[in-house]
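Step one of this worksheet: look at the structure below.
Bear in mind that the values in this text are calculations on the coordinates, not laboratory data. Quick caveat: nothing in here was measured; it's all calculated off a predicted structure. Cβ: placed from backbone, ideal geometry, glycine included. Neighbour counts: every protein chain shown.
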Amino acid sequence: MQWKSLRALMPGLTHLLEYERSWLKPDIRAGLSVAAVALPVAIAYAELAGVSPVVGLYSCILPMIAYAIFGSSRQLIIGPDAATCAVIAAVVTPLAAGSMELHWQLTIMMTAMMGGWCLLASRFRLGALADLLSRPILSGLLNGVAVTIIVGQIGRVVGFDTSPAQLIERIYALPGNLLHSDWLTIAVSLLTLLVLIGVKKLRPNWPAPLFAIMLATFATWAGDLQQYGIITVGGFSGILPIVQWPDFQPGLLRDMVIPALNLAVVSFVSMMLTARSFAAKNGYEVNADAEFRALGLVNIVSALSQGFAISGADSRTAVNDANGGKSQLVSIIAAVVIAIVLLFLTEPLQFIPVAGLGVVLIYAAWSLIDIRGIWLLRRRNAQAFRLAVFTFLSVLLVGVISGIGLAVLLGLMQFLRTVFRPTEQLLGVNDEGMIHSMGNNNGVKAVAGVMMYRFNSPLTYFNVAYFKRRILNLVDSTPFQPRWVVVDAVASFTHADISVLAAIDELKRDLLQRNVKLVLAGRRTELTRWFRLNRVGRDQDLILVPDLYLALKLIQSKEQAEPMVAQ
């Protein structure tokens, strides 16, 4: 029993306890490769989040170890993420009002709040929220975030530092700002970009961001380019910074409650997409509720480490998988390597040029852009296409947080419209006696005197009136006058809603006034119990049968018996 509880709480640890010796070599290779990619990316994303570069390293070490213990995915690497950092910056920057210390404090608190939301969701087993943001919403969101990041980094890459806060204003001011570009900064950016592209082309398995940042840093240090106006990250003085709390303003937390919830949902959905794809590739499954709990714990650990919010990192997970990583030990090895750098090798990091980090961020954001994927939805699914475009434009026009909220709202409205007004079918019988939907000249014909109807949605109090109206309209408009209406109860009767049961009793009465009898086919046991417990109508008037075929047999026998009774 204790082992079962441990496995449920710490799936990563239980997998490590079953470690196979043959995994060690590929895990070490994958761990070193992940660390090589994670180091420059963590520093770059710290810049994006608006905190000191060292905070990016804080956000990697203990959280990666925590995920190795509590996570259920063997390949997933957690860490700073472009969308997560963009959301943090969008929320915290206005509240901090230019104070770097307050910005860091609020970032930590938002991370802790996000972790708390995730733990709460896990406690109530809300892993199904992984499906709340559909792929069209997530596609539009990531494309919008990518464009936001790219536009936001242009100033750093070309050397101007005055830029409006909002995206549209930034784009509008861009032509004028480009006239104030710094050519030496552009040269450093081009060097970084050429190394990135070159390493990616010539050695795809090598950590291109690491080589690009190393070369740009060396050039900045060797040429003493700081005296010529090249801005570096700084912040690495040999003494690890610690956030100060005496002047913190708790009242600001109320402005982050809903954004932290939005961030938790977005991070979880993105993380689950990555975890599930690599789990399917490697032949195992991940537990959504366990992943929600793990995401909550690693973000609380990140907050306690003075770091910022993190999620599943698809690029680093891909590096892990490409190098043959077999277990969560990869995360532990990568965390140890980053910790060694943080403790003993931080002094060279202060020479990293901000322009180089901007190029890395733009390069990473460019990989998120998939406008073609959105456009292809136009032919495959018009509704999904509209949802993706709406999300994309919302993020660009009103910001990340508001854009997410509007996209989720639109997705829920589309879902409710589907439930309110679902598709429906009239059923018939083909030449072989099989029941199918009628239409499209498929040879399926209605049974004489019988209208078989399927309502493709669960019946609830808000759509049962439409259900009832549709049946009565179909009965009144059919070329032949049916004597029986058979409803496929399997598709629509999913739970005991008192309003639905009462409406069925009313429908039965209205049909009897038209000399038509109602038959519910399917879920006979449940329907019998529901009607009896809720005391709706008279039980003896209900005609309930196990399935559609038995409904036709019952009607046939009753039709044959009626003439005999009349005689």
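Descriptive notes on the structure:
- Measuring between their Cα centroids, the stretch 13-35 and the stretch 383-401 lie 40 Å from each other.
- Exposure proxy shown here: for Arg532, Arg470, the number of other Cβ atoms within 10 Å sets the order, fewest to most, as Arg532, Arg470.
- Distance cut-off 15 Å, percentage of C-alpha pairs in the stretch 181-247 lying past it: 62 percent
- Taking the alpha carbon gyration tensor of the stretch 424-566, multiplying each eigenvalue by 5 and rooting it gives semi-axes of 23, 18, 15 Å, largest first.
- Dividing the mean sequence gap of close Cα pairs (under 8 Å, 6+ apart) by how many residues the stretch 424-566 holds gives a relative contact order of 19 percent.
- Computed lengthening from Lys200 to Tyr172, 0.36 nm per intervening residue step minus Cα-Cα distance: 6.8 nm
- At R0 = 56 Å, FRET efficiency that the Cβ-Cβ distance of Ser99 and Tyr549 yields, to 0.05: 0.15
- Principal-axis tilt of helix 548-566 within the chain, Cα atoms, nearest 10 degrees: 10 degrees
- Taking all pairs of distinct alpha-carbon atoms in the stretch 350-411, Kirkwood radius in angstrom: 13.5 Å
- Longest DSSP-loop-exposure-free segment, chymotrypsin sites (Phe, Trp or Tyr not before Pro), the chain, at most 16 other Cβ within 10 Å: 285-460
- Relative contact order (%) - criterion: Cα under 8 Å, at least six apart; region: the chain: 22 percent
- Distance histogram for the stretch 361-480 (every C-alpha pair counted, 5 angstrom bins, percent rounded to whole numbers): 2, 9, 12, 13, 13, 11, 10, 9, 7, 6, 4, 2, 1, 0
- Between 0 and 90 degrees, the angle of helix 464-477 with respect to the longest Cα principal axis of the chain falls at about 50 degrees.
- Hull-based mean projected area of the chain, where the convex hull spans the alpha carbons, in square nanometres: 34.9 nm²
- Angle of helix 288-304 to the longest C-alpha principal axis of the chain, folded into 0 to 90 degrees and rounded to 10: 30°.
- Euclidean distance of C-alpha centroids, the stretch 448-504 and the stretch 208-287, integer Å: 55 Å
- Value of [θ]222 nm, deg cm²/dmol, for the chain, DSSP H segments ≥ 4, -39500 (n - 2.57) each, nearest 500: -21000 deg cm²/dmol
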